[in-house]
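**Q** I have a structure I would like to understand better, so I am pasting it below and will then ask my questions one at a time.
Taken together, the values in this text are just the output of simple stated rules run on the coordinates, not laboratory data. Bear in mind the structure is a predicted one, so any value in this text is a computation, not a measurement. Cβ atoms come from the backbone with ideal geometry, glycine included; neighbour counts cover every protein chain shown.
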Amino acid sequence: MALYRPNVAAILRDPATGKIFIGERVDHKGSWQFPQGGVDRGEDLFTALHREVEEEIGVPKSLYTLVACHGNYRYKFPKGKLKKGKYCGQVQTYFLCDFHGGNEDIDLTAHEQEFSRFAWIDPDEFSLAWVPRFKRPVFSRVFEDFFGIRQLSELPRKIEA
């Protein structure tokens, strides 16, 4: 039976501008994503969300408020790859959060560094070219569910961070 690893992702939004936070992955130049990660044993989704945001970008839960949540986004890893020897993919819950801090509150080196840099973009500026093909259907659904965007660009775009 296929097991999917539970995962959470945070879409941080500047409530004044509507721009959203994206980070460029350290290990894949040109790949941009949201802070996200697996739910550890014994954690609920909210605890995992707060831990992942603090670990990946150094932002404590006191600097953002939860606005919306959508779940059951599922993808399989390509070529039969298993994560941790047992997970064939991930099932994700995304949280839209209003960020009440500033760029000075973001610390990409707070824990094990996963992002080399970050940027704030309008949601419709997000490009599917920034994510692996097997994750693109999830990102398309997320942007439709949270922002009403029915079609994201698949053209590569440069980010000035």
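**Q** What percent do you get for the relative contact order of region 3-147 when only Cα pairs under 8 Å and 6+ apart count? Spell out each step's value before the answer.
**A** On the way: 276 pairs, mean separation 49.6, N = 145.
Relative contact order of region 3-147: 34 percent.
**Q** About the Cα centre, and with charges only on the beta carbon of Lys, Arg (+1) and Asp, Glu (-1), how big is the dipole of the chain? Nearest 20 debye, please.
**A** Value, rounded to 20: 1140 debye.
**Q** How far is the Cα center of region 87-161 from the Cα center of region 45-62, in Å?
**A** Measuring centre to centre over Cα atoms gives 16 Å.
**Q** Rounded to the nearest 500, what is the chain's calculated 222 nm mean residue ellipticity when only DSSP H runs of at least 4 contribute -39500 (n - 2.57) each, over all residues?
**A** -5000 deg cm²/dmol
**Q** How would you order 140-150, 73-83, 28-38 from highest to lowest mean count of nearby Cβ atoms within 10 Å?
**A** For the peptides 140-150, 73-83, 28-38, the packing ranking is 28-38, 140-150, 73-83.
**Q** Can you sort Asp44, Asp105 so the residue with the fewest Cβ neighbours within 10 Å comes first?
**A** On the way: Asp44 9, Asp105 14.
Neighbour counts put them in this order, fewest first: Asp44, Asp105.
**Q** What pairs in Lys86/Lys135; Lys79/Lys158; Lys84/Lys135; Lys135/Lys158; Lys19/Lys61 have C-alpha atoms more than 23 Å from each other?
**A** Lys79/Lys158
**Q** I'd like the antiparallel share, as a percent to the nearest 5, of DSSP beta bridges with both residues in the chain.
**A** On the way: 23 of 35 bridges.
The antiparallel fraction comes to roughly 65 percent.
**Q** To continue, here is another question. Among Tyr87, Asn72, Phe126, whose Cα sits farthest toward the positive end of the charge dipole of region 3-147 (+1 at Cβ of Lys/Arg, -1 at Cβ of Asp/Glu, about the Cα centre)?
**A** Tyr87
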